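Participant: Encoded as C-alpha cells, here's the structure I'll be asking about.
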Amino acid sequence: MINTTVSPAYLLRSYAWEVLKANDPDTWDESKYGGLVPIVPVAEEPELEEFAGPHIVYGYALDGTGSLYARNGGSVTFAVYDQNFRRLTKTLTILQAAFERQDESARDVNNYTSSHPQFIGIRFGYISVGFVEGGTPENTEGGRQSALVNIRFEYYVDYDIKTRLDQFLP
C-alpha cells in the first residue's frame with residue numbers, strides 16, 4: 001500500500017528527472033539550481049525563476065474509473081521553459097523517447113520506482129506520448145520559450161485508506 005500523498009504524476013516526474021540527468025548531464029544538474037530539482041508542480045514555478053537554466057512545470061489529470069476499478073488512467077503534461085531553442089528541442093526529444101514506448105516505457109518506470117520504497121504501491125500498465133508541442137516564441141526578447149510534452153498512462157494503485165468505516169465505529 002502507498003501513501004495517499006503520492007500520485008502517479010509524481011513517479012513520472014521523478015523518472016523524467018533521472019532520464020534527463022542521464023542523457024543531458026551538462027544541462028540537468030541540481031547544483032545549477034541550488035540543490036532543487038527543476039521539475040515542479042504549477043504552484044511552485046516562481047522558485048525556479050531566479051535560475052538561468054531551463055526548467056519544467058507540470059500538471060496532471062486522472063480519469064474516472066471504468067468498468068474495472070483497479071485499472072486507472074491519466075495524463076501528465078510537462079511544460080518545458082528554456083531560452084535556448086536547440087536545448088529545448090533536445091529536452092523534448094529525450095522525454096518523448098523515454099515515454100513513447102508504451103509497455104516498454106511502463107516496464108522501465110516500474111523498474112525504477114521499484115527501487116524507491118516510497119513509490120511501491122503504484123504500477124504502470126502502459127505509458128505513451130499523447131502529443132509534443134514544439135517551442136513557442138518567447139514573450140520578451142531573450143526570454144524563455146515554452147514547449148509541451150503530454151504523457152498518457154494506465155496505472156494500478158493500492159492506496160492505504162480506510163473504506164470499511166463501520167469497523168471503526170464505537
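None of the figures in this text is laboratory data; all of them are computed from the coordinates on show. Bear in mind the structure is a predicted one, so any value in this text is a computation, not a measurement. Cβ sites come from the backbone with ideal geometry, for glycine too, and all protein chains shown count toward neighbours.
Participant: Taking amide H positions as placed 1.01 Å from N in the peptide plane, with prolines and chain starts having none, which residues 5 or more places from Tyr126, or on another chain, fall under 5 Å of its amide H?
Facilitator: Residues meeting the amide H criterion: Glu154.
Participant: I want the local charge near Ser75. Using Cβ-Cβ distances under 10 Å, sum +1 for each Lys or Arg and -1 for each Asp or Glu among the other residues. Intermediate results must be reported in sequence, preceding the final value.
Facilitator: Working: positive: Arg152; negative: Asp63.
Around Ser75, the surrounding residues sum to 0.
Participant: Tell me the mean residue ellipticity at 222 nm calculated for the chain from its helices only (DSSP H runs of n ≥ 4, each -39500 (n - 2.57), averaged over every residue, nearest 500). Spell out each step's value before the answer.
Facilitator: Working: 3 runs with 43 residues, N = 170.
Mean residue ellipticity at 222 nm (helix-derived): -8000 deg cm²/dmol.
Participant: For the pair Thr65 and Gln83, how long in nm is the line joining their label points, each one 7 Å along Cα→Cβ?
Facilitator: Inter-label distance under the simple model: 4.9 nm.
Participant: Using the number of other C-beta atoms within 10 angstrom as an exposure proxy, rank Phe78, Phe119, Phe51 with the fewest first. It would help to have the intermediate numbers written out before the result.
Facilitator: On the way: Phe78 24, Phe119 21, Phe51 13.
With the fewest neighbours first, Phe78, Phe119, Phe51 line up as Phe51, Phe119, Phe78.
Participant: If you don't mind, there's one more thing I want to ask. Taking the alpha carbon gyration tensor of the chain, what are the square roots of 5 times its eigenvalues, largest first, to the nearest whole Å? Don't skip to the end; give the middle numbers.
Facilitator: Numbers: eigenvalues 202, 60, 46 Å².
Equivalent-ellipsoid dimensions as semi-axes: 32, 17, 15 Å.
Participant: With springs connecting C-alpha atoms under 10 Å apart, model the chain as a Gaussian network and identify which of Leu48, Leu148, Leu36 has the largest mean-square fluctuation.
Facilitator: Leu36
Participant: Grab the other residues whose beta carbon is less than 14 angstrom from that of Leu95, score K and R as +1, D and E as -1, and report the net.
Facilitator: Values: positive: Arg13, Lys21, Arg87, Lys90, Arg101, Arg152; negative: Glu18, Asp24, Asp82, Glu100, Asp108, Glu133.
Surrounding charge for Leu95 is 0.
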